[in-house]
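I have placed the structure first, in the form of structure tokens, so that the comments after it can refer back to it.
The values are calculated or read from the model by the stated rules, or taken from the named source; none is laboratory data. Just so you know, these numbers come straight off a predicted model, no measurement behind them. Cβ: placed from backbone, ideal geometry, glycine included. Neighbour counts: every protein chain shown.
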Amino acid sequence: MSIDGWTVVKELGNGGFAIVYLVEKQPRRCALKLARHRDSSGDDKQTHARTMRELMALLLLDHPNIVRHQGYGYSERGNVYLALDYVEGWTMAEWAERKHPTFRELLTVFDKLASALSYMHSRGILHRDLKLSNVLIRKSDGEPVIIDFSCATFAAAEELTDSGLPPGTDRFRAPEQFRWLMAHKDPHRARYAYQVADEVFALGAMLFDLLTDPRPTAAAVRVSLNSPSLKPPVVRVQNRRVPELLSDLVGSMLSREPGRRPVDTEALRRELGDLLANPSEEFQRPVHPPSEQLPVEATVEGTVVPATDGPGTRNRLSGVRARGLAALASVGVLVAIGALWRSPDVPSTPLQPQSEGLWPVPVAPISTPPHSVPPAMSLFSPAAVAQKGPDSVAQVQKEGPIVKNAPTTEVPPQGRQTRGRARTTAGVECATMTLVAALAAGCPGAQIRPESFTCPAGAEEAMREDLRWEVNEAFLVTLDSRYKRSERVWFTAGAEVEGVVPKGIEPRQRQVAPPGTRFYGKAYYLSDKMGRSEGPALVVRYDRVRLPGQDERPVCFVVEMTAYGYEDGRVQASNGGGGFVVDRWP
């Protein structure tokens with residue numbers, strides 16, 4: 001038997017929408033997915049349209065962990081087909097039973113899946129049917145491959161289902177889908193807006209099953225994860241071997257509130273990367289004790305290939321497990337995503353310093369601002385009053401190096417002669433002047449200090465409604481993203497500064513300002529007569545922020561750090577510390 005020049009080797013799967021064959025056209029081997037109906041045959045299941053939509057999604061994607069298309073065509077009877085990668089391996093559930101992975105090995109697979117999903121979502125595609133049978137682990141190199149995009153969607157895709165909920169598998173649906181269904185008695189009049197948060201939940205459900213069930217391919221009744229009213233069980237309660245940090249991450253992925261989950265799959269990938277970097281030996285242990293694992297001899301050597309079964313394409317094992325269970329996994333189209341959700345609405349908890357290395361300089365809380373509205377801040381161009389800051393590490397080392405473990409007294413940059421106490425006193429006196437007066441008095445490198453300012457237009461609303469930040473809430477930040485947070489850095493007063501949120505932050509901040517969040521603003525210098533600190537201080541006022549995968553927003557966020565040195569318009573301070581959300585800086 002042949003289909004458009006492809007020689008059929010054997011049938012791999014057979015469903016309501018398509019049949020999947022293993023085919024050859026020397027020297028290539030592919031999985032060929034043949035639509036059951038022709039476009040002109042009165043096809044009430046729209047299998048032709050589904051196959052073409054799947055093709056359009058796959059044409060937008062090219063990633064090593066996503067199944068690739070190898071072409072398309074028509075059979076002699078006019079039925080459309082897709083030629084797809086033939087993946088030789090196991091479904092993810094079967095792999096877990098055969099491999100007996102450690103926590104680190106399991107995290108490595110999910111890290112790659114999160115990376116693939118982040119890429120897919122950046123292309124505007126949503127999968128909508130993520131589950132263990134729709135991920136294959138390739139036998140040759142152990143790489144995971146996402147398959148079955150027959151339920152996928154993208155921005156320009158036509159909706160082919162009549163029901164309110166998109167196609168998918170109930171166990172891996174997010175709880176908000178069921179809440180939506182209960183709220184819409186006539187689902188034909190409305191459609192659920194599938195989002196990235198749904199994908200994160202599905203990935204969390206997959207991880208939960210692998211962490212809590214040593215035999216995930218077995219037919220068994222499993223605890224519900226997506227009840228609209230009941231929280232899912234804690235992973236660590238189900239399996240005491242699971243590290244607490246991993247258990248917490250799965251719990252956040254399965255949260256009943258979308259805003260409490262990782263903000264997107266890129267943020268999830270970073271959290272998985274943090275766990276992978278954890279040197280703890282508990283991540284080296286097998287996920288399940290040997291006594292609970294299925295012996296390798298109980299499975300028959302087999303390969304997994306794409307096939308199809310109903311609305312979701314599936315894969316059949318060419319070798320079946322000895323106890324007779326066939327694992328089917330889908331190969332289909334990738335879906336378009338277009339929705340980013342807001343930061344979670346969760347109660348604020350104070351951010352506490354975790355260690356001296358993480359938060360080296362104590363930051364005094366910002367007091368309640370006066371009721372009078374201060375004038376908007378207006379400053380001269382930094383170039384006119386301050387020496388240009390270093391553009392590279394090499395320049396820092398030449399003009400004003402980063403000084404580690406420096407004393408708390410004033411430390412001038414290398415290569416410059418110390419002018420003693422007279423220079424320090426003069427600097428303080430100049431710092432007490434206004435900018436114009438300081439320039440007129442000839443103060444060298446006149447200090448640029450922040451005047452009172454109001455928030456940028458729209459900042460208060462953006463912080464309250466979009467970001468869910470609260471005034472006086474504290475966040476950790478690396479002040480200048482170019483340098484390590486553990487170092488002391490020379491900041492140019494009045495110059496632009498780009499900060500970044502580091503790893504190892506509190507859970508509350510991970511939700512509303514996760515690692516990788518970028519802050520944009522300016523650095524300023526305050527003498528001991530100006531600031532809230534007991535001595536001279538560096539103040540960084542950030543007025544814009546960009547969360548991973550989101551647009552830039554106006555904000556009011558201020559960091560005040562102890563100044564260890566001041567020289568010709570440059571301030572030395574620690575590069576890591578905590579700042580506060582404010583509604584104005586008095």
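State the number of residues belonging to segment 208-238 that are closer than 22 Å to residue 135 by Cα and surrounded by 15 or more Cβ atoms within 10 Å (Cβ to Cβ).
Final tally of qualifying residues: 13.
Can you work out which of the residues in segment 535-553 that are part of a strand (DSSP E or B) and of a type in the set (Asp, Glu) is surrounded by the fewest Cβ atoms within 10 Å (Cβ to Cβ)?
552
Could you tell me which residue of segment 489-502 is nearest to residue 249 (Cα to Cα), considering only residues that are surrounded by fewer than 20 Cβ atoms within 10 Å (Cβ to Cβ) and at pLDDT 90 or above?
502
Take the residues in segment 209-261 that are of a type in the set (Lys, Arg) and under 19 Å from residue 172 (Cβ atoms); name whichever of them is modelled with the lowest pLDDT.
Only one residue fits best here, namely 222.
Can you name the condition, by its number, that residue 508 falls short on among (1) under 27 Å from residue 267 (Cβ atoms); (2) in a loop (DSSP other than H, G, I, E, B)?
Evaluating residue 508 over (1) under 27 Å from residue 267 (Cβ atoms); (2) in a loop (DSSP other than H, G, I, E, B) leaves (2) as the failure.
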